[in-house]
1. Is it the case that some residue within segment 389-411 is part of a loop (DSSP other than H, G, I, E, B), out of contact with any Leu (no Cβ under 6 Å at 6 or more places or on another chain), over 21 Å from Leu226 (Cα atoms) and open to solvent by 60 Å² or more (accessible area, probe 1.4 Å)?
2. Suppose we filter segment 123-138 for residues that are out of contact with any strand residue (DSSP E or B) (no Cβ under 6 Å at 6 or more places or on another chain) and in a helix (DSSP H, G or I); how many remain?
3. Return yes when Asn416 is surrounded by fewer than 24 Cβ atoms within 10 Å (Cβ to Cβ) and within 27 Å of Pro83 (Cα to Cα) and no when it is not.
4. Is it fair to say Lys270 is free of Cβ contacts under 8 Å to residues at least 40 places away in the same chain, surrounded by fewer than 22 Cβ atoms within 10 Å (Cβ to Cβ) and basic (Lys, Arg)?
5. I'm checking my understanding of the structure. Among residues of segment 167-184 that are out of contact with any strand residue (DSSP E or B) (no Cβ under 7 Å at 6 or more places or on another chain) and in contact (Cβ under 8 Å) with a residue 40 or more places away in the chain, which one is surrounded by the most Cβ atoms within 10 Å (Cβ to Cβ)?
6. What number goes with the only condition from (1) in a helix (DSSP H, G or I); (2) surrounded by 24 or more Cβ atoms within 10 Å (Cβ to Cβ); (3) of a type in the set (Gly, Ala, Ser) that Gly187 does not pass?
7. Can you pull out the residues in segment 428-458 that are under 18 Å from Ser261 (Cα atoms), among the small types (Gly, Ala, Ser) and in a helix (DSSP H, G or I)?
8. Can you tell me which residues in segment 202-240 are assigned to a loop (DSSP other than H, G, I, E, B) and surrounded by fewer than 15 Cβ atoms within 10 Å (Cβ to Cβ)?
Amino acid sequence: MDNAVLSHRTTVEETRRALPDPARRGLSRRRFLAGTSLAGMGLAGMGAAGSAALLAGCATSASSGPVTQSAGAITIQSNLSAPQAKASIEALAKGFSEQHGSPATVNTIASETFRTQLPSYLTSNQPPDLYTWYPGSLLRGYARKGLLLDVDEAWQTMGNYPAAFRTLSGDGAGKLIFVPTSYYWWGFFYRKSNFAKWGVTAPTSWSGLLELCRTLQAKGVAPIGLGAGGNTPWVASSWFDYLNIRINGAPYHRELLAGQSRFDDPRVAKVFDQWRTALPYFDPQGTALTFQEATTSLLQGRTGMMLIGTFFADAAPKDTIPDLDFFQFPVLDPAVPLAEEGPTDGFFASSRTAHRADVLAWMKYAATAPAQELYIQNSSGTVLPTNPGARDSGTPLVTKGRTMLAEAKEITQFFNRDSSDALQPTADAALVRFIQKPTELSSILTGWQAAAEKVFAS
């Protein structure tokens, strides 16, 4: 049954036959939404594939640009290619069509292909109308070039949304270019039945984590799965993010990713010193397998746990979801304010859409509680809705994840969302090399800093 995960991987041929589908996933709520550390929400771009467009200009308002409304369906370019996520966005499109009376077509594309092709989509002669994605520096760059629609009209119907989401959705110049619809959390995920079979429990400290790893290793299980191979090397950044915010704190983490500190700083070296103690317990195939393949290994019991976001559940058979649980990344220094990763997802639109009225209608619809609940019902149910009035799936897993984010003092988004798509490949190269050759740390950090300087100077 777990082998079904393998069939969920999107091949190149499937990608060519497929057309994109929308987003979902998100930030953190309660404390995050209350405005704690808006900078930590990632007012910088996310995108782990260095396809960033170097743009400048302004977002197009609903009163400028094309004024005519063309007939035909609006097109939603979606990167939600995992089966359950794809089904959810299609259910959302069907719900919109039934409620609004205008058709919506979902084009689903594998996420990494979508990421690299996004600049081409937006600058083509007839760009798709809507896109699933996340807020940050990449979108602000497109907005400065005038490629994104100002969606302030939709936000006028979203009065119950916390100010933090509004800030996250801005272009940095006073316009709104994004509508958030979901957020999610990261943690060490595992199968409850496997832990029970192995006679182990979730740890609550770093020393407990290492002890768990030693126990699993003695049982012939690779303790920690990774999934940083193929086109998902960015998964390794979760380890860097968490170790940095646990050791040096979220403010320093943001400063580092903004170029205000250096990757060869001794404080960064401390992150890797801590990481090195866990490396002996990583799956030897960790930098060869994609996160989808690593998910299969986790579900089949070849690995014990994996630090990953809840999106991985969309690639898992739905009947395995109740067997999933997670534990929080251990606290390393109680004096460092607790931070968690809580990324946000949603929609943005092309300023050159010929279906402006319908696009804005979609944005308003997607922001509603019923629409977000419909999405969750058709998905793996592991994301949290951004609409304060919407209900999540209510499972113990989701309740636990929501509580963890609500109790965090600060929220970060993820490496490239808190920095830029252009900086992500520098992290991919450095972190994968460290996992493979940890004794070369000094040259790795020197090289990372040099690569980062080129990004910041461009």
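The values are calculated or read from the model by the stated rules, or taken from the named source; none is laboratory data. Computed from a predicted structure; not experimentally measured. Note that each Cβ is placed from the backbone with ideal geometry, even for glycine, and that neighbours are counted across all protein chains shown. Accessible surface areas use protein heavy atoms only, side chains included; no ligands, DNA or RNA. Shrake-Rupley method; radii C 1.70, N 1.55, O 1.52, S 1.80 Å.
1. Kept after step one, since they are part of a loop (DSSP other than H, G, I, E, B), are these residues of segment 389-411: 389-395, 408-409.
Filter once more, keeping what is out of contact with any Leu (no Cβ under 6 Å at 6 or more places or on another chain): 389-391, 393-395.
From what's left, over 21 Å from Leu226 (Cα atoms): 389-391, 393-395.
Filter once more, so that each one left must be open to solvent by 60 Å² or more (accessible area, probe 1.4 Å): 391.
Yes, segment 389-411 contains at least one residue that is part of a loop (DSSP other than H, G, I, E, B), out of contact with any Leu (no Cβ under 6 Å at 6 or more places or on another chain), over 21 Å from Leu226 (Cα atoms) and open to solvent by 60 Å² or more (accessible area, probe 1.4 Å).
2. Final tally of qualifying residues: 1.
3. In short, no.
4. It is true that Lys270 is free of Cβ contacts under 8 Å to residues at least 40 places away in the same chain, surrounded by fewer than 22 Cβ atoms within 10 Å (Cβ to Cβ) and basic (Lys, Arg).
5. Let us first name the residues in segment 167-184 that are out of contact with any strand residue (DSSP E or B) (no Cβ under 7 Å at 6 or more places or on another chain), namely 167, 171-175.
Now drop any that are not in contact (Cβ under 8 Å) with a residue 40 or more places away in the chain, which leaves 167, 171-173, 175.
Numbers: Thr167: 15, Asp171: 21, Gly172: 13, Ala173: 12, Lys175: 19.
Ranking the qualifying residues of segment 167-184, first place goes to Asp171.
6. It fails just one condition, (1).
7. Ala430, Ser442, Ser443, Gly447, Ala450, Ala451, Ala452, Ala457
8. Thr204, Ser205, Lys219, Gly220
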